[in-house]
Amino acid sequence: MLGKTAGGLFWMFRYLERSENTARMIDAGLRISLTRSSAADSEWASIIDATGLREAYLQRHEQIEGPAVIDFLLRDKTNPGSVIAAVENARNNARLVRTALTREVWEAVNECYMVLKDKLSRPIRDRELPIVLQTIRQRTAFVRGALHGTMLRNDIYDFARIGTFFERADNMARILDVKYYILLPSVSQVGSMSDNVQWETILRATSSVRAYQTVTEGDTDPRSIAEFLMLDRRSPRSLAFCYGKILDNLGYLETQYGQHMPSFEMAEKVAGRFNNYSVEAIFDFGLHEFIAEFLNDSRALGYQIEQDYRFIE
Amino acid sequence: MSDEKQYFDEMFGRGETPRGPYEDYFAWFSDEDTRRLARKSQEAEALFRLTGITFNVYGRAQAAERLIPFDLVPRIISAREWSRLAKGIEQRVRAINAFLYDIYHRQEIIKAGRVPVEMIARNEAFLPQMIGVKPPGNVYTHIVGTDLVRTGDDEFYVLEDNARTPSGVSYMLENRETMLHMFPELFSKVKVQRVSQYPNSLRRSLSACAPNQCSGRPRLAVLTPGIHNSAYYEHAFLADQMNAELVEGHDLRVVDGRVAMRTTQGYKPIDVLYRRVDDEYLDPLNFNPDSVLGVPGIMDIYRAGGITIANAPGTGIADDKAIYSYMPDIVEFYTGEKAILKNVPTWRCSEKDALAYVLDNLEDLVVKEVHGSGGYGMLVGPAASKKEIARFRKKLESKPGNYIAQPTLSLSTVPILTKAGLAPRHVDLRPFVLVSPDRIEITPGGLTRVALKKGSLVVNSSQGGGTKDTWVLEE
């Protein structure tokens, strides 16, 4: 496979995952603003922070407020992190790697782009927003479904999956990076345990509300939220799960190519942390420091994968 | 009555009842509800959009990706008509390859005085770098798209021999897929020869031209100028269908005397490169030094037998519009037979008498640029205004050698489906020909292009033309 194609697949699935995660974060913000309007603006601020786009946003808007944030994250084409830009990038990468995709995967991503381009061509009114967000989640899920159902399990599939989980873990870590303080034990002493708006946002933004409740049988506390989002291997969005998958797929690549690569060892080191540490150990180490270190390692791993598999010259 | 039928209609001839090849189709069509067909037409468009069968229009950011309109009334050719066409095309393509070999070696045809030396020596399409080069299997034009027009029951003309990088074959294949998808029942009533073998044939044909240095199963790649090229869809489609890599210039470099592509496991040599990049951009070391689309040094590897380039560089000398007028001689010279397919009579404006005639008759003639394509830069006399003719006259007078002229042909029509039912529109036909050392294979049918505007003779997709599925009936 061409190095360029491997890179195209990796990025195609990163962009798709990103657009879906952005939609989930907007969903969480919307929920807060509908149910607890007093907390809304600070929630939108932390969502902008989690996307890493505060500076770009403030160049275009004076204040952080719901409608402007939603527009910026969904449909501002000058914002490279917006859903429409991400979906367009995903589709451009799909065109680039068209020969590596089945017809089903290509059609799913092409239709995803056509539908969202149409839906996001005009400003979104409040009452349309839930449907638009649902469409984003649904259309990206179709692509994933087509990938599962129709693609050979070979290097092409591996690069697609590595891109997916790399982006998912990265997005999760960014949310944790912005919100870590609400999960610290000291904060949990303050306020009502079961009615913490902050906890709800973080679970919603990572699409983990129901899963978390199932696992904890209804009890909510910050320690178990942190544990669930980082270490629970049953959750397809946890850092441990994502890195397990990345490691699997890098391993399959090594088997197929018969080559051992530095990127595998780096991923092994990162994944190892999730195996070896308990949530208590992470808190002892410092939650914020742990996440910051993870984000650094993740950046380095992305760079190494690009080198090892010759995405660019 | 017969006055109205100035043009030969392929469905109804010059009368009111369907001709033989269209009888079964017309019987089916007459039982169909036209509203259902109109809906099908929209379905087809949605299908094309979903599949992404688009072409890019240069310089128009807004409509960067456009669909070529598809008309769902097929163009039908009988087995008998086709077998004669196929013989004529094969003869012509054989002659073109012999001509190219000769022109880049001993130039017997010039010595024999059948083609004047200026036609070659002063022609930009002639590549001195190809002199003495022997392409693998002596094949120059691996893929040809011979443009044909019809003017009567038994009258076909060759309009152009596209011997460089003919495009459109993906539309031939997708049009058929779309028809099979929309009207499965129709194909059980009318027996149509299949076209879906084309990608396999292309793969086999290119593999048969692998270079000396190829060991084992030939590795194929399609070279595209990139995602913004107007035919990118087709490049990706063909690479996908024949299981080849789709590469751009920056994926390639010369490694150990071979042209190699950057894969996830290092550089791997390519044996056959189906390039959809023009000669000029192929190799910045040998041709245009500013090109970023090509591979520096590929011509040197080619000459040393390290890679096959399809089509070979320098084939443009054979489909040049000035050379075209010599094709009957060329066919006769190399095959010893009279050309089966007719040439359109052509005035070479480089010749004094011809130029005088053309200038006197501009309003009746079609005048084309020798190196033009895509229907640009041409004058269709009968359809042009006085002003346009005057403007063109100036261009022609200043550079007569740049132009040829032909009579306006009464192009045949095939009906398209309009809101008011069937309506005749002018068509041409581009069959696709594959040349390998041991055979010439022509896919039955080809791409029918149709001028959707009433009365228009310009079928080019860049100027409002559409396409039709083309059926060659089984015997």
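Points worth noting:
- Hey, B:N243 at the interface with chain A (Cβ under 10 Å from one of its Cβ atoms) and either closer than 24 Å to B:T443 by Cβ or in a strand (DSSP E or B) (or both) or not: yes
- Of the residues in segment B:256-268, not one is among the charged types (D, E, K, R), modelled with pLDDT of 95 or more, touching a strand residue (DSSP E or B) at 6+ places or on another chain (Cβ under 9 Å) and crowded, with 24+ Cβ neighbours inside 10 Å.
- Candidates B:L202, B:L148, B:L173, B:L159: the one that is touching a helix residue (DSSP H, G or I) at 6+ places or on another chain (Cβ under 8 Å), of a type in the set (A, V, I, L, M), in a strand (DSSP E or B) and in contact (Cβ under 8 Å) with a residue 40 or more places away in the chain is B:L148.
- Set side by side, the residues A:G218, A:G258 differ, and just one is more than 18 Å from A:I182 (Cβ to Cβ) and away from chain B (no Cβ under 14 Å), which is A:G218.
- In segment A:39-63, the residues that are in contact (Cβ under 8 Å) with a residue 40 or more places away in the chain reach residues that are of a type in the set (S, T, N, Q) and in a helix (DSSP H, G or I) with C-beta atoms within less than 6 angstrom, at least six apart or across chains, in these pairs: A:E43/A:T201.
- Any strands (runs of 3 or more DSSP E) falling wholly within segment B:260-370 and containing at least 2 residues that are more than 23 Å from B:G226 (Cα to Cα) and out of contact with any Asp or Glu (no Cβ under 7 Å at 6 or more places or on another chain): B:365-369
- Within the set B:G306, B:G294, the sole residue that is at pLDDT below 95, open to solvent by less than 10 Å² (accessible area, probe 1.4 Å) and within 29 Å of A:D308 (Cα to Cα) turns out to be B:G294.
- Within segment A:102-112, being more than 10 Å from chain B (Cβ to nearest Cβ), open to solvent by 10 Å² or more (accessible area, probe 1.4 Å) and not acidic (D, E) holds for no residue.
- Scanning segment A:262-313 for residues that are more than 14 Å from chain B (Cβ to nearest Cβ) and not in a helix (DSSP H, G or I) yields A:Y277, A:S278, A:G286.
- Of the criteria (1) open to solvent by 10 Å² or more (accessible area, probe 1.4 Å); (2) away from every other protein chain (no Cβ under 13 Å), which one A:F142 fails: (2)
- Qualifying residues in segment B:209-236 (those that are of a type outside the set (S, T, Y) and at the interface with another protein chain (Cβ under 8 Å from one of its Cβ atoms)) - the one least open to solvent (accessible area, probe 1.4 Å): B:A236
- When B:L173 is tested against (1) open to solvent by 50 Å² or more (accessible area, probe 1.4 Å); (2) hydrophobic (A, V, I, L, M, F, W, C); (3) within 14 Å of chain A (Cβ to nearest Cβ), exactly one condition is not met: (1).
- Take the conditions (1) in contact with a Ser or Thr (Cβ under 8 Å, 6 or more places away or on another chain); (2) exposed (fewer than 12 other Cβ atoms within 10 Å of the Cβ); A:T255 misses just one of them, which is (1).
- Listed by position, the helices (runs of 4 or more DSSP H) contained in segment A:53-101 that have at least 3 residues being open to solvent by 40 Å² or more (accessible area, probe 1.4 Å) and more than 14 Å from chain B (Cβ to nearest Cβ) are A:54-60, A:66-75.
- Count of segment A:298-313 residues which are buried (at least 17 other Cβ atoms within 10 Å of the Cβ) and among the aromatic types (F, W, Y): 2
The values are calculated or read from the model by the stated rules, or taken from the named source; none is laboratory data. Please read these numbers as outputs of a predicted model, since none were measured by experiment. Using ideal geometry, Cβ is built from the backbone for each residue, glycine included, and neighbour counts are taken over all protein chains shown. Surface accessibility is based on the protein's heavy atoms, side chains included, excluding ligands, DNA and RNA. Shrake-Rupley method; radii C 1.70, N 1.55, O 1.52, S 1.80 Å.
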